[in-house]
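The values are calculated or read from the model by the stated rules, or taken from the named source; none is laboratory data. It should be emphasised that the depicted structure is a prediction, and the values quoted were computed from it without experimental measurement. Here Cβ is always computed from backbone atoms with ideal geometry, including for glycine, and neighbour counts include all displayed protein chains.
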């Protein structure tokens with residue numbers, strides 16, 4: 001549903017502040033930056049090839065460590081800075097989220113912005129879920145309770161904010177909001193409501209929404225499907241294609257588990273869309289043509305828990321519950337499976353290599369080979385506690401974090 005823009009006398013003032021932030025930070029972005037969840041191409045694949053993935057018995061070089069509080073938010077990088085989020089506080093009345101900005105090379109904390117937010121450890125550690133998104137000179141964040149913030153990347157100053165649940169009426173799902181913000185041109189798109197919502201990235205004004213019922217948990221994925229520039233959402237009970245410009249629903253495929261908890265992003269390849277979730281549901285691939293949806297396969301061969309699979313040269317690599325697997329994207333035929341990493345965070349492919357994290361903080365570098373699992377290096381890089389956040393390769397550095405908030409930056413140049 002399109003929403004008529006409202007007149008806000010502060011709108012131009014905010015826009016000018018954001019433009020100034022772009023001038024300060026936007027010009028210094030680098031080719032190897034990782035400014036949003038799953039990277040600039042939204043597929044979990046780094047373009048970097050010149051990095052050292054075999055560190056031998058001595059382990060990888062640790063550049064710096066930090067403690068950022070409880071959560072699952074990944075690390076993003078832009079303009080020589082690294083950003084992430086976490087939750088602090090013992091009593092619920094004192095708990096707060098914190099958005100952190102570090103010097104990406106040294107780990108020096110440059111700023112921290114906090115706001116009240118409960119930990120809410122519902123069957124897991126709790127804390128922050130979404131990952132920050134950097135767009136030029138600003139940082140967008142979303143809390144699990146619906147606090148949508150636009151911050152100046154250089155200073156952490158709040159440029160605008162919205163409360164999506166209490167003030168705008170978007171329903172909180174069982175485990176609260178978790179999809180990361182997606183920036184497309186002048187729109188900020190979120191997986192909230194029945195089938196997503198778009199906001200003006202400069203002012204925070206709502207542009208369109210498709211109802212305010214409970215949403216799914218994955219991050220929206222931009223794609224061109226069936227001739228339409230669209231966003232693919234994992235809703236509470238469906239995979240949904242929505243037109244970017246006006247939010248029009250283009251197609252829908254029923255897909256859900258008993259908890260209505262699809263947390264892994266969809267994977268889009270041409271007119272085909274792959275989705276996966278845990279709790280016994282499995283995966284499906286559909287093809288969209290002429291507005292019609294055709295099921296290509298639907299089975300239990302890949303059950304992504306919290307991390308996404310990666311499509312690399314015709315094969316999907318991902319965690320099927322507690323096994324790292326490779327399956328054929330064409331027909332879902334299993335190529336191999338490897339135990340021993342628990343419900344880890346998905347391997348990230350970069351130049352034919354994978355970076356996987358076990359759910360106890362061990363990092364594994366392996367080749368993305370459909371014929372067999374081939375380890376290059378492995379090592380315990382984080383304390384042995386729950387770790388389900390995907391590692392990030394950016395500018396010859398690997399960033400990893402666990403649910404307790406231990407962050408490590410490794411040098412792999």
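How about segment 81-104: which of its residues are within 20 Å of residue 30 (Cβ to Cβ) and either at pLDDT below 95 or surrounded by fewer than 16 Cβ atoms within 10 Å (Cβ to Cβ) (or both)?
Residues of segment 81-104 within 20 Å of residue 30 (Cβ to Cβ): 81-84, 100-104.
Matches in segment 81-104: 103 only.
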(message) Going by what's in this entry, would residue 204 be described as more than 18 Å from the chain's Cα centre (by Cα), without any contact (Cβ under 8 Å) to a residue 12 or more places away in the chain and surrounded by fewer than 21 Cβ atoms within 10 Å (Cβ to Cβ)?
(response) no
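Check segment 17-28 and report whether any residue there is at pLDDT below 90, assigned to a loop (DSSP other than H, G, I, E, B) and either over 20 Å from the mean Cα position of the chain (by Cα) or more than 26 Å from residue 111 (Cα to Cα) (or both). Walk me through how you get there before you give the answer.
Keep residues of segment 17-28 that are at pLDDT below 90, which gives 17-28.
Narrowing further to those that are assigned to a loop (DSSP other than H, G, I, E, B): none.
Within segment 17-28, none of the residues are at pLDDT below 90, assigned to a loop (DSSP other than H, G, I, E, B) and either over 20 Å from the mean Cα position of the chain (by Cα) or more than 26 Å from residue 111 (Cα to Cα) (or both).
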(request) Select from segment 241-281 the residues that are closer than 27 Å to residue 333 by Cβ, under 21 Å from the mean Cα position of the chain (by Cα), at pLDDT 95 or above and part of a strand (DSSP E or B) and list them in ascending order. (result) 241, 267, 268, 269, 272, 273, 274, 275, 276
(request) Give me a count of the residues in segment 240-259 that are in contact (Cβ under 8 Å) with a residue 60 or more places away in the chain and within 14 Å of residue 283 (Cα to Cα). (result) 0
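Given the condition touching a strand residue (DSSP E or B) at 6+ places or on another chain (Cβ under 8 Å), under 18 Å from residue 64 (Cβ atoms) and surrounded by 16 or more Cβ atoms within 10 Å (Cβ to Cβ), answer yes or no: does some residue in segment 334-342 qualify? Break it down into steps so the answer makes sense when it comes.
Initial filter on segment 334-342 (touching a strand residue (DSSP E or B) at 6+ places or on another chain (Cβ under 8 Å)): 334-339, 341.
Those still in the list that are under 18 Å from residue 64 (Cβ atoms) too: none.
So far as segment 334-342 goes, no, none of its residues is touching a strand residue (DSSP E or B) at 6+ places or on another chain (Cβ under 8 Å), under 18 Å from residue 64 (Cβ atoms) and surrounded by 16 or more Cβ atoms within 10 Å (Cβ to Cβ).
Rundown of residues vs (1) modelled with pLDDT under 95; (2) under 21 Å from residue 193 (Cα atoms); (3) touching a helix residue (DSSP H, G or I) at 6+ places or on another chain (Cβ under 7 Å), yes/no style:
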{"residue": "68", "(1), (2), (3)": "no, no, no"}
{"residue": "111", "(1), (2), (3)": "no, no, no"}
{"residue": "124", "(1), (2), (3)": "yes, no, no"}
{"residue": "137", "(1), (2), (3)": "no, no, yes"}
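Would you mind stating whether residue 378 is closer than 23 Å to residue 325 by Cα and surrounded by 22 or more Cβ atoms within 10 Å (Cβ to Cβ)? I'd like the intermediate steps shown before the answer.
Numbers: closer than 23 Å to residue 325 by Cα: yes; surrounded by 22 or more Cβ atoms within 10 Å (Cβ to Cβ): no.
So residue 378 fails the test.
Among the listed residues 86, 53, identify the single one that is closer than 17 Å to residue 178 by Cβ and in contact with a strand residue (DSSP E or B) (Cβ under 8 Å, 6 or more places away or on another chain). Give the steps one after another, and end with the answer.
Numbers: 53 fails: closer than 17 Å to residue 178 by Cβ.
Step by step, each of 86, 53 is checked, and only 86 is closer than 17 Å to residue 178 by Cβ and in contact with a strand residue (DSSP E or B) (Cβ under 8 Å, 6 or more places away or on another chain).
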(message) Restricting to segment 41-61, name every residue that is within 24 Å of the chain's Cα centre (by Cα) and part of a strand (DSSP E or B).
(response) 46
(message) Being in a loop (DSSP other than H, G, I, E, B), more than 19 Å from residue 85 (Cβ to Cβ) and in contact with a strand residue (DSSP E or B) (Cβ under 6 Å, 6 or more places away or on another chain) is the filter here; which residues of segment 167-200 pass it?
(response) 193, 195, 196
(request) Report the residue count in segment 283-303 for those that are touching a residue at least 60 places away in the same chain (Cβ under 8 Å) and at negative phi. (result) 2
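Out of segment 281-327, which residues are surrounded by 15 or more Cβ atoms within 10 Å (Cβ to Cβ) and more than 24 Å from residue 388 (Cα to Cα)? Give the derivation first.
Filtering segment 281-327 for residues surrounded by 15 or more Cβ atoms within 10 Å (Cβ to Cβ) gives 281-288, 293, 296-298, 301-312, 315-327.
Correct list: 285, 286, 287, 288, 293, 296, 297, 298.
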(request) With the condition kept exactly as written, say whether any residue in segment 216-232 is closer than 21 Å to residue 151 by Cβ, in a loop (DSSP other than H, G, I, E, B), without any contact (Cβ under 8 Å) to a residue 60 or more places away in the chain and in contact with a strand residue (DSSP E or B) (Cβ under 9 Å, 6 or more places away or on another chain). (result) yes
